[in-house]
1. For the stretch 23-41, which positions are open to solvent by 60 Å² or more (accessible area, probe 1.4 Å) and closer than 20 Å to LYS7 by Cβ?
2. Here are the criteria: (1) under 17 Å from SER12 (Cβ atoms); (2) at pLDDT 95 or above; (3) part of a helix (DSSP H, G or I). Tell me which single one TYR49 does not satisfy.
3. Would you mind stating whether SER12 is touching a Gly at 6+ places or on another chain (Cβ under 8 Å), closer than 10 Å to ILE60 by Cα and open to solvent by less than 50 Å² (accessible area, probe 1.4 Å)?
4. β-branched (Val, Ile, Thr) and open to solvent by less than 80 Å² (accessible area, probe 1.4 Å): which single residue out of VAL67, VAL53 fits that description?
5. Can you tell me how many residues within the stretch 28-46 are without any contact (Cβ under 8 Å) to a residue 24 or more places away in the chain and not in a strand (DSSP E or B)?
6. Please go through the stretch 28-46 and pick out each residue that is in contact with a strand residue (DSSP E or B) (Cβ under 7 Å, 6 or more places away or on another chain) and either modelled with pLDDT under 95 or of a type outside the set (Lys, Arg) (or both).
Amino acid sequence: MKALNGKTILSSEVYERKSSALVGIASVRKNSKLIQNFKSEISSDGQFYFNLVGGNGEIIGVSETYVTKKSRNQGMLAVQNVNTFNETTIEIL
(Lines give C-alpha, C1' and ligand atoms only; values in the text may rest on other atoms or scores of the structure.)
Protein backbone atom coordinates (compact mmCIF):
# COMPACT_ATOMS: atom_id res chain seq x y z
CA MET A 1 0.00 0.00 0.00
CA LYS A 2 1.30 3.43 -0.88
CA ALA A 3 0.63 6.72 0.87
CA LEU A 4 -0.52 9.71 -1.13
CA ASN A 5 3.12 10.89 -1.24
CA GLY A 6 4.08 7.69 -3.08
CA LYS A 7 5.93 6.05 -0.17
CA THR A 8 5.14 2.45 0.68
CA ILE A 9 3.45 2.28 4.07
CA LEU A 10 2.45 -1.39 4.19
CA SER A 11 3.83 -4.47 2.44
CA SER A 12 2.46 -7.99 2.40
CA GLU A 13 3.53 -11.36 1.12
CA VAL A 14 4.02 -11.76 -2.63
CA TYR A 15 1.01 -13.27 -4.36
CA GLU A 16 1.27 -15.40 -7.50
CA ARG A 17 -2.26 -14.65 -8.70
CA LYS A 18 -4.19 -11.41 -8.89
CA SER A 19 -7.20 -13.09 -7.31
CA SER A 20 -5.12 -13.96 -4.24
CA ALA A 21 -3.82 -10.38 -4.05
CA LEU A 22 -7.40 -9.08 -4.10
CA VAL A 23 -8.25 -11.37 -1.16
CA GLY A 24 -5.22 -9.93 0.66
CA ILE A 25 -6.42 -6.38 -0.02
CA ALA A 26 -9.84 -7.26 1.37
CA SER A 27 -8.16 -8.67 4.49
CA VAL A 28 -6.20 -5.44 5.01
CA ARG A 29 -9.38 -3.41 4.63
CA LYS A 30 -11.24 -5.59 7.13
CA ASN A 31 -8.50 -5.91 9.74
CA SER A 32 -7.28 -2.31 9.61
CA LYS A 33 -10.58 -1.10 11.05
CA LEU A 34 -9.59 -2.30 14.53
CA ILE A 35 -6.69 -0.59 16.30
CA GLN A 36 -5.95 -3.78 18.28
CA ASN A 37 -4.86 -5.38 14.98
CA PHE A 38 -1.89 -2.99 14.81
CA LYS A 39 1.17 -4.18 16.73
CA SER A 40 3.78 -1.50 17.44
CA GLU A 41 7.35 -2.76 17.13
CA ILE A 42 10.94 -1.50 17.37
CA SER A 43 13.57 -2.77 14.92
CA SER A 44 17.04 -3.93 15.95
CA ASP A 45 18.44 -0.53 14.90
CA GLY A 46 15.95 1.35 17.10
CA GLN A 47 13.51 2.44 14.41
CA PHE A 48 9.76 2.14 14.80
CA TYR A 49 7.37 0.09 12.67
CA PHE A 50 4.13 -1.82 12.95
CA ASN A 51 2.60 -5.10 11.88
CA LEU A 52 -1.03 -5.46 10.86
CA VAL A 53 -2.37 -8.80 12.06
CA GLY A 54 -5.50 -10.71 11.16
CA GLY A 55 -8.06 -12.07 13.58
CA ASN A 56 -6.00 -15.25 13.84
CA GLY A 57 -2.90 -13.28 14.92
CA GLU A 58 -1.08 -13.90 11.62
CA ILE A 59 0.86 -10.93 10.21
CA ILE A 60 -0.81 -9.72 7.03
CA GLY A 61 1.24 -6.57 6.53
CA VAL A 62 4.47 -4.94 7.69
CA SER A 63 5.09 -1.20 7.61
CA GLU A 64 8.14 0.72 6.55
CA THR A 65 10.40 1.85 9.40
CA TYR A 66 10.03 5.28 10.96
CA VAL A 67 12.45 7.46 12.91
CA THR A 68 9.82 8.53 15.48
CA LYS A 69 6.88 6.92 17.25
CA LYS A 70 4.72 9.82 16.06
CA SER A 71 5.44 9.10 12.40
CA ARG A 72 4.80 5.37 12.96
CA ASN A 73 1.47 6.22 14.55
CA GLN A 74 0.60 8.43 11.59
CA GLY A 75 1.39 5.49 9.31
CA MET A 76 -0.98 3.31 11.31
CA LEU A 77 -3.72 5.93 10.93
CA ALA A 78 -3.11 6.09 7.19
CA VAL A 79 -3.59 2.32 6.94
CA GLN A 80 -6.69 2.54 9.16
CA ASN A 81 -8.14 4.94 6.62
CA VAL A 82 -7.60 2.40 3.82
CA ASN A 83 -11.33 2.30 3.15
CA THR A 84 -11.16 5.91 1.96
CA PHE A 85 -8.27 5.19 -0.45
CA ASN A 86 -8.91 4.53 -4.10
CA GLU A 87 -7.43 1.56 -5.92
CA THR A 88 -4.44 3.53 -7.23
CA THR A 89 -2.96 3.59 -3.73
CA ILE A 90 -2.75 -0.21 -3.67
CA GLU A 91 -0.22 -1.72 -6.07
CA ILE A 92 -0.75 -5.08 -7.68
CA LEU A 93 2.33 -5.98 -9.68
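1. Going residue by residue through the stretch 23-41, those that are open to solvent by 60 Å² or more (accessible area, probe 1.4 Å) are 23, 30, 33-36, 39-41.
Answer for the stretch 23-41, where residues must be open to solvent by 60 Å² or more (accessible area, probe 1.4 Å) and closer than 20 Å to LYS7 by Cβ: SER40, GLU41.
2. Result: TYR49 passes all but (3).
3. On the way: touching a Gly at 6+ places or on another chain (Cβ under 8 Å): yes; closer than 10 Å to ILE60 by Cα: yes; open to solvent by less than 50 Å² (accessible area, probe 1.4 Å): no.
No: the conditions fail for SER12.
4. Values: VAL67 fails: open to solvent by less than 80 Å² (accessible area, probe 1.4 Å).
The match here is VAL53.
5. At the first step, the residues of the stretch 28-46 found to be without any contact (Cβ under 8 Å) to a residue 24 or more places away in the chain are 30, 34, 36-37, 39, 41-46.
From what's left, not in a strand (DSSP E or B): 30, 34, 36-37, 43-46.
Selection size over the stretch 28-46: 8.
6. Taking the stretch 28-46 as the starting set, the residues that turn out to be in contact with a strand residue (DSSP E or B) (Cβ under 7 Å, 6 or more places away or on another chain) are 28, 31-32, 37-43.
Hits for the stretch 28-46 are VAL28, ASN31, SER32, ASN37, PHE38, SER40, GLU41, ILE42, SER43.
The values are calculated or read from the model by the stated rules, or taken from the named source; none is laboratory data. As the structure is a computational prediction, the values presented were derived from the model and not from experiment. In this analysis, Cβ positions are derived from the backbone assuming ideal geometry, glycine residues included, and neighbour counts consider all displayed protein chains. Ligands, DNA and RNA are excluded from the accessible area calculation, which covers all protein heavy atoms including side chains. Shrake-Rupley method; radii C 1.70, N 1.55, O 1.52, S 1.80 Å.
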